[in-house]
Amino acid sequence: MKLTILGNCIHHPVLLLVILSCAGIAPASGAGGRWDLLQRSIGVSAMHMQLLHNDRVIIFDRTDFGLSNLSLPDGRCRRNPRERVVPVDCTAHSAEYDVASNTFRPLFVFTDTWCSSGTVAPDGTLVQTGGWNDGYRNVRTMAACEAGDDTCDWDETQDALAANRWYATNQILPDGRAFIVGGRRQFTYEFYPTADPSDASAISLPFLVQTKDPEENNLYPFVHLNIDGNLFIFAKNRAILLDYKKNKVVRTYPELAGGDPRNYPSSGSSVLLPLKPSPTEAEVLVCGGAPAGSYTSTKDGTFSSALVTCGRIKITDTAPAWVIETMPSPRVMGDMILLPNGAEVVIINGAMDGTAGWESAKTPAYAPLIYRPDHSPGDRFEEQSSTDIARLYHSSAVLLRDGRLLVGGSNPHIYYNFSNVQYPTDLSLEAYSPEYLDPSNDMLRPTIVDPSPTGAAVSVTYGASLTLQFSVPASRRKRGGGIGFVSVTMVAPSFTTHSFAMNQRLLLLDVVKTAALARASTYQTSVVMPATAALSPPGYYMVFVVNGHIPSEGIWVHIQ
């Protein structure tokens, strides 16, 4: 495992030249990060996760596989005659996890959320769509609850969608609506809420028919909002750029080499790579998955090696082409999460063989991979420290404001089976702390002191300036504090499920002014917020000051 020695200063080609404390110390690497078990059981499996701006994570699985291990409060029960397993269920299938206190409480969902999707509305409300059976067309909302309010819970609207959405994908749009696309036997898209309440219709998308796979129809398509406001949509091994306003495909991208499918049930993953200040280009990365035929072959006990390749493409180029890269090891069902330093992507969870499905993989991928997009080809991947918990089908991961990743879920069998299977249902939560959180980096870690990280979200508008004051302990050791490289990043938290972090987005902000303050080791910097909603749709983001590759704890910013 490679050791990273940072020396007296930390440099990175994409970071902005502003103000940095470059002390005469050389912090050691964190040797691949650290794993901590947070909860042995929260009672429900983390099939879906979303961080809200109250620093709580909404977690839920499905209602149709029996009693969970978390009781509903005050004798409350779910009585649903359309439920196919337990019509009367007094257990929870959703939980709210409080990051700061490492506690959780049960939440109440009525209809089935199995393999559903979601986004966060501009006001910070989680909008969760679809599911299975009685939940096909339902929309559920979950507010960011006030501290101490234990009555705050899910609200549900029946039949609010135009089509059944099971295994669909959501993407927030510049106008704050959710674009909802695909799903099992659905080759359409729709919007929620609709611009015209009288026109709640599903719109045909022939591309989904053209990419239909004999095993499945490439569920959970990868969707990213391009910087021009159009939508990059990837299914199987192909991609288009959709002008959703005109229902017109404005670009067709080349086929990703190899021919193998990358979407569920092959279950690779994808990210829109960090956007540079005032971006003029955007890149998409697709990694891993399972070879064609894997979903069927696992039913016969054949577990093929997962795909080891990634495809990277500049979706804004006039003649875009995929560039193929090779991971250190194969991976299927991995989650790709953008890290707040703007320089790294982590690939976490999943397996090295098989495909998505219960007991459809035999070799867990215990070690995360770090991908550094701005390094030279051949020097972008690095294996990290391993967990000892298998995170297979229906596991998930989200970035927290303190820079850790919350990881949970795996194999939620019917009736919450904990025995007689190789990989039983997992109800635990772990935190993965990347190397930048190692104590050896404490002297170089920035702390935002104003606005307060524990205060209310800062309201900003497009193109406006935001002033941040931050301190770096190591600057006390060098007269004048030192000059070097620091960046400011802005991260949209994701709705993560089935190996895809929906709505995930990271922007490096333009820095226009910096100055050392009279107070020792403290600095002030002004940054310019993104100019348009196509760059950052309205809503809540985490903003981090990054010293080299070491991020501060973030603050919440509300842009609209």
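The values are calculated or read from the model by the stated rules, or taken from the named source; none is laboratory data. These figures come from a predicted structure and were not determined experimentally. Please note: Cβ atoms are built from the backbone with ideal geometry, for glycine as well, and neighbour counts cover all protein chains shown. Just so you know, the surface numbers come from the protein's heavy atoms only, side chains and all, with ligands and any DNA or RNA stripped out. Shrake-Rupley method; radii C 1.70, N 1.55, O 1.52, S 1.80 Å.
Taking residue 241 as the residue in question, decide whether it is within 23 Å of residue 335 (Cα to Cα) and either surrounded by fewer than 20 Cβ atoms within 10 Å (Cβ to Cβ) or in the same structural domain as residue 165 (by the TED database) (or both).
Details: within 23 Å of residue 335 (Cα to Cα): no; either surrounded by fewer than 20 Cβ atoms within 10 Å (Cβ to Cβ) or in the same structural domain as residue 165 (by the TED database) (or both): yes.
Considered against the rule, which asks whether it is within 23 Å of residue 335 (Cα to Cα) and either surrounded by fewer than 20 Cβ atoms within 10 Å (Cβ to Cβ) or in the same structural domain as residue 165 (by the TED database) (or both), residue 241 comes out as no.
Suppose we filter region 77-102 for residues that are part of a loop (DSSP other than H, G, I, E, B), at pLDDT 95 or above and surrounded by fewer than 18 Cβ atoms within 10 Å (Cβ to Cβ); how many remain?
Residues that pass the stated criteria total 5.
In the list 393, 371, which residue meets the criterion of being of a type in the set (Phe, Trp, Tyr), under 23 Å from the mean Cα position of the chain (by Cα) and closer than 30 Å to residue 547 by Cα?
371
So which pairs qualify, if the first residue must be in region 150-167 and in the same structural domain as residue 92 (by the TED database) and within 16 Å of residue 104 (Cβ to Cβ), the second must be β-branched (Val, Ile, Thr) and in a strand (DSSP E or B), the Cβ gap must be under 8 Å, and the two must be at least 6 apart or on different chains?
Taking only residues 6 or more apart or on different chains, the pairs are 154/141.
Quick one: count up the residues across region 348-361 that are among the charged types (D, E, K, R) and at pLDDT below 95. Can you show your working first?
Initial filter on region 348-361 (among the charged types (D, E, K, R)): 353, 359.
Next cut, at pLDDT below 95 only: 359.
Selection size over region 348-361: 1.
Of these, 228, 150, 196, which one is under 25 Å from residue 282 (Cβ atoms) and open to solvent by 50 Å² or more (accessible area, probe 1.4 Å)? Show your work before the answer.
Numbers: 150 fails: under 25 Å from residue 282 (Cβ atoms); 196 fails: under 25 Å from residue 282 (Cβ atoms).
Of the residues listed, the single one that is under 25 Å from residue 282 (Cβ atoms) and open to solvent by 50 Å² or more (accessible area, probe 1.4 Å) is 228.
Return the only residue of 290, 319 being open to solvent by 10 Å² or more (accessible area, probe 1.4 Å) and of a type in the set (Gly, Ala, Ser).
Going through 290, 319 in turn, the sole match is 319.
Could you say whether any residue in region 331-345 is without any contact (Cβ under 8 Å) to a residue 60 or more places away in the chain and either within 21 Å of residue 436 (Cβ to Cβ) or open to solvent by 30 Å² or more (accessible area, probe 1.4 Å) (or both)?
No; the residues of region 331-345 include none that is without any contact (Cβ under 8 Å) to a residue 60 or more places away in the chain and either within 21 Å of residue 436 (Cβ to Cβ) or open to solvent by 30 Å² or more (accessible area, probe 1.4 Å) (or both).
Restricting attention to region 342-353, does a residue exist that is farther than 26 Å from residue 115 by Cα and either touching a strand residue (DSSP E or B) at 6+ places or on another chain (Cβ under 7 Å) or of a type outside the set (A, V, I, L, M) (or both)?
Yes, that holds for at least one residue.
Go through region 103-123 and give me each residue that's within 21 Å of residue 223 (Cα to Cα) and in a loop (DSSP other than H, G, I, E, B). Before you say what the answer is, go through the steps one by one.
Within region 103-123, the first condition is being within 21 Å of residue 223 (Cα to Cα), and the residues that meet it are 113-122.
Of everything in region 103-123, those that are within 21 Å of residue 223 (Cα to Cα) and in a loop (DSSP other than H, G, I, E, B) turn out to be 113, 114, 115, 116, 121, 122.
Could you tell me which of the residues 265, 279 is in contact with a strand residue (DSSP E or B) (Cβ under 9 Å, 6 or more places away or on another chain), surrounded by fewer than 24 Cβ atoms within 10 Å (Cβ to Cβ) and in contact (Cβ under 8 Å) with a residue 60 or more places away in the chain?
279
Within region 366-387, is even one residue touching a residue at least 60 places away in the same chain (Cβ under 8 Å), open to solvent by 10 Å² or more (accessible area, probe 1.4 Å), under 25 Å from residue 66 (Cβ atoms) and out of contact with any Lys or Arg (no Cβ under 8 Å at 6 or more places or on another chain)?
no
Restricting to region 461-473, give me the number of residues that are surrounded by 19 or more Cβ atoms within 10 Å (Cβ to Cβ) and under 24 Å from the mean Cα position of the chain (by Cα).
Total satisfying the criteria: 0.
For region 52-68, name all the residues that are part of a loop (DSSP other than H, G, I, E, B), farther than 17 Å from residue 114 by Cα and open to solvent by 10 Å² or more (accessible area, probe 1.4 Å). Full working, then the answer.
Initially, region 52-68 is screened for residues part of a loop (DSSP other than H, G, I, E, B), giving 52-55, 61-68.
Still in the running and farther than 17 Å from residue 114 by Cα: 52-55.
If the condition is that a residue be part of a loop (DSSP other than H, G, I, E, B), farther than 17 Å from residue 114 by Cα and open to solvent by 10 Å² or more (accessible area, probe 1.4 Å), then 53, 54, 55 are the ones that fit.
Of all residues being assigned to a loop (DSSP other than H, G, I, E, B) and among the hydroxyl-bearing types (Ser, Thr, Tyr) in region 417-442, which is most open to solvent (accessible area, probe 1.4 Å)? Just the residue, please. First the steps, then the outcome.
The first filter runs over region 417-442 and keeps only residues assigned to a loop (DSSP other than H, G, I, E, B), leaving 417-428, 434, 438.
With the extra rule that they be among the hydroxyl-bearing types (Ser, Thr, Tyr), the set shrinks to 419, 423, 425, 428.
Values: 419: 60, 423: 34, 425: 9, 428: 7 Å².
Here the answer is 419.
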